[in-house]
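None of the figures in this text is laboratory data; all of them are computed from the coordinates on show. What you see is a predicted model, and the numbers here were worked out from it, not measured in a lab. Glycine also receives a Cβ, built like all others from the backbone with ideal geometry; neighbour counts cover every protein chain displayed.
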Amino acid sequence: MMLFLITLPFWTNLLVRTYAWILILSTDGVIEQPLKFLGMIDDSLDMMYTNGAIGIGLVYTYIPLMVLPIYASLEKLDFRLIEAAHDLYANRFEVARQVIVPLAAPGIVAGCILVLIPSLGAFVAPDLLGGGKKLMLGSLIQTQFASARNWPFGSALAICLLALVMIALTYQARVTAKRRAEAGEQ
């Protein structure tokens with residue numbers, strides 16, 4: 001059921017999900033109206049057009065891309081290793097740190113890559129939830145093409161972003177290959 005609830009947002013368009021957050025976070029929105037009615041606040045919370053609103057929109061958009069690879073890694077987890085760690089008097093924190101996290105590391109890395117790449121190019125959430133006042137790299141590139149009509153600069157920014165992502169992915173692939181080679185030697 002939890003997996004279904006995590007994948008459910010993928011069935012809705014990104015723009016619709018972002019506008020839903022506008023309704024939730026806006027002045028006299030879904031959060032502020034009940035708080036004002038109950039007398040818990042007198043003035044507006046001013047949640048829209050802030051870095052927090054952009055963060056909420058980005059997390060809501062990309063959380064399934066992080067959870068699903070981790071779930072796939074944890075689904076393959078051999079629970080006998082957890083029982084063995086408990087038999088060796090490891091507490092829950094030690095079991096999580098020394099057994100579960102290392103075994104889930106491929107899913108964590110895959111999730112980080114799946115979230116990093118599209119979030120670098122995100123421009124819908126910063127534009128709508130940030131009010132166009134907060135710039136991220138994706139919205140800067142989009143602005144160069146759409147309103148500034150500075151296509152050479154927009155192209156240069158896009159190529160720099162692509163190069164940055166390729167360097168990070170190449171580094172990750174080399175580190176992973178090195179670890180596998182070291183593990184194979186032992």
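Might you report the magnitude of the Cβ-based charge dipole of segment 2-131 about its Cα centre, with Lys and Arg at +1 and Asp and Glu at -1, to the nearest 20 debye?
In total the dipole reaches around 380 debye.
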request  = Using Cα positions and a limit of under 28 Å, work out the lysines in reach of residue 133, with same-chain residues fewer than 8 apart set aside.
outcome  = 36
task = Using just the helices of the chain, give the 222 nm mean residue ellipticity in deg cm²/dmol: DSSP H runs with n ≥ 4 each add -39,500 (n - 2.57), and the total is spread over all residues, rounded to 500.
result = -23000 deg cm²/dmol
ask   = Between segment 93-134 and segment 50-87, what's the alpha-carbon centroid distance in Å?
value = 9
query = residue 76: which lysines have alpha carbons under 26 Å from its alpha carbon, excluding same-chain residues fewer than 8 sequence positions away?
reply = 178
